[in-house]
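Rule-based calculations on the coordinates, nothing more; no lab input. Nothing here was measured: the structure is a model prediction, and the numbers come from that model. Cβ atoms come from the backbone with ideal geometry, glycine included; neighbour counts cover every protein chain shown.
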Amino acid sequence: MECAAKGSGARCGAAATRLCARCEAVSYCSLSHQIAHWSLHKHECDRLQQQMKSVEVLNDFPFTFSREATFQVCVKQETRCSFLNKRGLHQVGMWMHECNCGASSASFDCLGLSSSWDLPSTLCPCCGPNTLVSEQLHGWKDYYQWRCIPLDSPVALLLQWPLTIYHAARLVGITALNPEISDKLYIHYLGPEKELLQLAVFGELMALFPGVHIHIELVGPAIPPQRDGEKIHISKYPCCYELECECKIASKNTFLGTQSGITSALTLQLWQGFYHDRYRDIVKDSFPHLVIAPNGGIAAYSSWLPSIELIEKIDVPAVFTDYCEEACHLAASCIQTVSERPLKLPAAHGRGRQRAVASLLLELLSFWDVKNNAQNILSHCILAGTTKLV
């Protein structure tokens, strides 16, 4: 952890090992820096103290590797690289961007090229599900059971993206049976970054929205200019690495999700730039049922403000998530300042008392993107946006 007073006065002269005894969420390099920073910290200390009470709950995942990926990473017994390496996934395919090694070598020029889990069939959803998705799909354990995946499978690390969309849609009342969407669902997905190298995992939406043609507009500055406007059609699930698996047979790798026999299909379109700059081009063919901005960093980037103003005007359900509960609090303040009205759903993490509101959403991210110090583990959060949300 960095000294919370860094940059506000005298240079830090030591490691930031002095925790605030009250909230235990921030640390300082010296007593003098702690005293100097109190005039600012006193306004957030109580709030951070309440957030820190959720630390243990937020690390309570159903996966067999939960401790390895949370506590052991925090105390530096493990790293993301070692976690992936043990599973033969380090710097491999869609897993490339899950550690800093891959982040430096992967190129967004190669968006969506990998379409394999690089796992055996027993550990990944490489074929369609045996049954229709249940309305009682409330968390990772439910999802793994439905897809017949053991809890030692790491696929949730990548499936966070389609499952975030699924849960956000459910929050605003969108399901495969919703007459409003008929057989087409239009989603505007703002600020994609590393998921651009994992686009094949969005194929899981075919199982989550059976019989629905899904159109997702991916909008953000991370998209290479030369890929602007490109469409990517997905009609199958990512494959496993077994040569004889059913997933290599086209009829087994797609899902006929309704009695009418309509095949689920997914179209992704890439838009380089900010949402407010590209909106007019996008809505010519795709007016959204839902706008979603996963891990947006709303309070950290002023470039979000015009987009929030736009979303306010078009009156479409919007869901924002952020990296931790504090970031979510700051984002909520920004959104309410722009919209001049309260959120329809309060900021909530995916655990504890708020489980009914946000049980599935980004449960996993709260430990995979964990900071180096255990005291700084906070939940990824959901902000249910500026307009007509439940």
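Side notes on the structure shown:
- Neighbour-count ranking [beta-carbon atoms within 10 angstrom, fewest first] of ASP46, ASP183: ASP46, ASP183
- Computed across segment 133-195, the Kirkwood hydrodynamic radius from all distinct Cα-Cα pairs reaches 13.3 Å.
- Remark on segment 1-53: Rg and Dmax equal 10.5, 32 Å (Cα only).
- For ALA5, nonlocal amide neighbours, meaning residues 5 or more places apart or on other chains whose placed amide H falls under 5 Å from its own, are CYS29.
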